[in-house]
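Enquirer: Pasting a structure below so you can have a look.
The values are calculated or read from the model by the stated rules, or taken from the named source; none is laboratory data. Everything numeric in this text was worked out from a predicted model, so none of it was measured. Every residue, glycine as well, gets a Cβ built from its backbone with ideal geometry; the counts of neighbours run over all protein chains shown. Note: accessible area is taken over every heavy atom of the protein model, side chains too, but ligands, DNA and RNA are not part of it. Shrake-Rupley method; radii C 1.70, N 1.55, O 1.52, S 1.80 Å.
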Amino acid sequence: MGFSHKFIQKVNNEEVTTVEVDAEALFITLKDGTKLESRKESTEPLSTLFNNYKVDPEKIQKVNITIKN
């Protein structure tokens, strides 16, 4: 799954439980247990992407986000 409106839509629909960020890789787990992988620009924080797509901060707070280095 490329970084797209689908990922943002899943966050907005509260379908995403966890996102693990490893450089540009995003490992996503949905509430139903489905695991997805996506990508983002390695130089751009996930928070910037959420801001660009105008994701409601309350929806973001419901997602457990882990950053790996």
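Enquirer: In the stretch 59-69, what residues are modelled with pLDDT of 95 or more and either of a type in the set (D, E, K, R) or on the phi > 0 side of the Ramachandran plot (or both)?
Expert: Those that are modelled with pLDDT of 95 or more and either of a type in the set (D, E, K, R) or on the phi > 0 side of the Ramachandran plot (or both): Lys59, Lys62.
Enquirer: Of the residues Ile65, Ile8, Ile28, only one is assigned to a helix (DSSP H, G or I) and either aliphatic (A, V, I, L, M) or touching a Pro at 6+ places or on another chain (Cβ under 6 Å) (or both); which?
Expert: Ile8
Enquirer: Another question about this same structure. Which pairs do you get when a residue that is open to solvent by 100 Å² or more (accessible area, probe 1.4 Å) and of a type outside the set (Phe, Trp, Tyr), found in the stretch 53-69, comes within reach of a residue that is at pLDDT 95 or above and not in a strand (DSSP E or B), reach meaning Cβ atoms under 8 angstrom, with the pair 6+ apart or on two chains?
Expert: Cβ pairs passing all conditions: Lys62/Glu14.
Enquirer: Being modelled with pLDDT of 90 or more, open to solvent by less than 90 Å² (accessible area, probe 1.4 Å), not in a strand (DSSP E or B) and not basic (Lys, Arg): is that true of Glu14 here?
Expert: Spelling it out, Glu14 is indeed modelled with pLDDT of 90 or more, open to solvent by less than 90 Å² (accessible area, probe 1.4 Å), not in a strand (DSSP E or B) and not basic (Lys, Arg).
Enquirer: Among the residues of the stretch 21-40, how many are crowded, with 16+ Cβ neighbours inside 10 Å and of a type in the set (D, E, K, R)? Explain how you work it out, then say what you get.
Expert: We begin by selecting, within the stretch 21-40, every residue crowded, with 16+ Cβ neighbours inside 10 Å; these are 21, 26, 28-29, 38, 40.
Next, from what is left, pick out any that are of a type in the set (D, E, K, R): 40.
Going through the stretch 21-40 one residue at a time, the tally reaches 1.
Enquirer: A further question on this structure: Kindly indicate whether Ser47 is free of Cβ contacts under 8 Å to residues at least 40 places away in the same chain and either outside any helix (DSSP H, G or I) or touching a His at 6+ places or on another chain (Cβ under 8 Å) (or both).
Expert: no
Enquirer: Which residues, counting only those in the stretch 21-58, are on the phi < 0 side of the Ramachandran plot and among the charged types (D, E, K, R)?
Expert: Matches in the stretch 21-58: Asp22, Glu24, Lys31, Asp32, Lys35, Glu37, Arg39, Lys40, Glu41, Glu44, Asp56, Glu58.
Enquirer: Of the residues in the stretch 25-68, how many are within 14 Å of Lys10 (Cα to Cα) and among the β-branched types (Val, Ile, Thr)?
Expert: Result for the stretch 25-68: 6.
Enquirer: Listed residues Thr48, Thr43; which is surrounded by fewer than 11 Cβ atoms within 10 Å (Cβ to Cβ) and β-branched (Val, Ile, Thr)?
Expert: Sole residue among the options that is surrounded by fewer than 11 Cβ atoms within 10 Å (Cβ to Cβ) and β-branched (Val, Ile, Thr): Thr43.
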